[in-house]
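All of the numbers you see were taken from the coordinates with simple rules; none came from a lab. Please read these numbers as outputs of a predicted model, since none were measured by experiment. Using ideal geometry, Cβ is built from the backbone for each residue, glycine included, and neighbour counts are taken over all protein chains shown.
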Amino acid sequence: MMRWVRLGVACTLAMGLLGCPETASESAPDAFVGGNIRDQGALLDASVGRPDGGDVRDAATGRDAAVPCAGDDACPQGQYCDASGACLVGCREGGCAPGEACDLATRQCQATAECRGDGDCAQDQICAGGECVAAPGCMGDADCDPGQICQAGACVAEPPEGCQGDLDCGPGERCVQGLCVDEPGCGDDLDCGLGERCMAGECVAEPPGCLADADCAPGQVCEAAVCVPAGPECRA
């Protein structure tokens with residue numbers, strides 16, 4: 001009997017010192033009210049929120065309440081530890097997706113990728129891992145773009161088609177050293193260089209001047225002060 005009396009007295013004293021959870025006064029700085037913690041007037045939900053288990057929410061406002069911390073690792077994912085020692089929503093160093101970095105001024109993840117595709121890089125580069133890097137060499141002509149061939153591991157412009165003579169070339173082209181090149185052509189002497197004349201649509205070296213056939217080379221005659229090839233001899 002005395003045992004139950006002692007327990008009753010102890011319970012009464014404990015309730016007088018700590019207060020009953022159901023009848024706690026709002027004036028108490030720290031009290032349990034209906035399973036919640038009242039911290040200096042702010043009602044916090046004790047069932048959610050710790051640095052290692054999610055956010056702490058203010059039951060009165062429904063917003064996340066700051067969690068004490070000593071560093072970013074003490075905060076939940078998606079939060080960082082600010083200078084005042086509280087976990088706030090925002091990114092932290094190393095907490096962004098690949099190709100992004102945390103802007104510590106705004107606490108927002110910003111894209112750092114230099115490129116997203118080969119079109120963002122120079123002609124001789126490709127996009128790899130968000131960075132423009134030198135394009136790999138070629139193994140054959142099939143690795144190059146149309147109009148290019150593979151030479152010494154690099155794609156270069158395909159040279160003009162080879163030729164054996166002018167007939168192998170297209171209109172307006174001539175065969176020069178095995179390659180078809182544009183035929184220069186001329187309309188008059190002004191289209192030719194110094195010491196050249198336009199003859200039959202081509203620029204040729206200007207023949208030497210003369211006063212008589214003796215001033216010309218063998219096989220040439222002097223006509224209009226110019227040495228020209230001699231014509232066939234007339235036979236009676």
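Whose amide H sits under 5 Å from the amide H of Val176, counting only residues 5 or more places off or on another chain, with H placed in the peptide plane?
Answer set, sorted by chain and number: Val181.
Beta carbons within 10 angstrom, averaged per residue: use that to sort the peptides 72-79, 122-129, highest first. The partial results should precede the final answer.
On the way: 72-79: 15.9, 122-129: 12.4.
Peptide ranking by packing, descending: 72-79, 122-129.
Residues with beta-carbon under 12 Å from that of Pro208, excluding Pro208: net charge, scoring Lys, Arg +1 and Asp, Glu -1?
Numbers: positive: Arg197; negative: Glu206, Asp215.
Net of charged neighbours comes to -1.
Of the options Ala122, Gly140, Gln151, report the single residue whose Cα projects farthest towards the positive end of the charge dipole of region 103-151 (beta-carbon charges: Lys, Arg +1; Asp, Glu -1).
Ranked along the dipole, the leading option is Ala122.
Hey, with R₀ at 22 Å, roughly what FRET efficiency would Gln148 and Val181 work out to, going by the Cβ-Cβ distance, to 0.05? Could you put the intermediate results ahead of the total?
Details: r = 20 Å, r/R0 = 0.91.
So, using R0 = 22 Å, E works out to roughly 0.65.
Considering only the other residues whose Cβ falls under 13 Å of the Cβ of Ala101, what net charge follows from Lys and Arg at +1 and Asp and Glu at -1? Walk me through the intermediate numbers first.
Numbers: positive: Arg92, Arg107; negative: Glu93, Glu100, Asp103, Glu114.
Around Ala101, the charge tally is -2.
So, R0 is 30 Å and r is the distance between the beta-carbons of Leu167 and Glu206; what FRET efficiency does that work out to, to 0.05?
Details: r = 29 Å, r/R0 = 0.97.
After rounding to 0.05, the efficiency reads 0.55.
Report the local net charge at Pro171: Lys and Arg +1, Asp and Glu -1, summed over other residues whose C-beta lies under 13 Å from its C-beta. Mind showing how you got there, number by number?
On the way: positive: Arg174; negative: Asp166, Asp168, Glu173, Asp182, Glu183.
Local charge sum for Pro171: -4.
I need Cys155, Cys216 ordered by Cβ neighbour count within 10 Å, fewest first.
Numbers: Cys155 18, Cys216 21.
Least crowded to most crowded, the residues run Cys155, Cys216.
Starting from the Cα of Ala128, step 7 Å along the direction of its Cβ; do the same at Val89; then give the gap between the two resulting points in nm.
Distance between the two pseudo-spin positions: 4.1 nm.
Treating only the Cβ atoms of Lys and Arg (+1) and Asp and Glu (-1) as charged, compute the dipole magnitude of region 69-189 about its Cα centre; round to the nearest 20 debye.
980 debye
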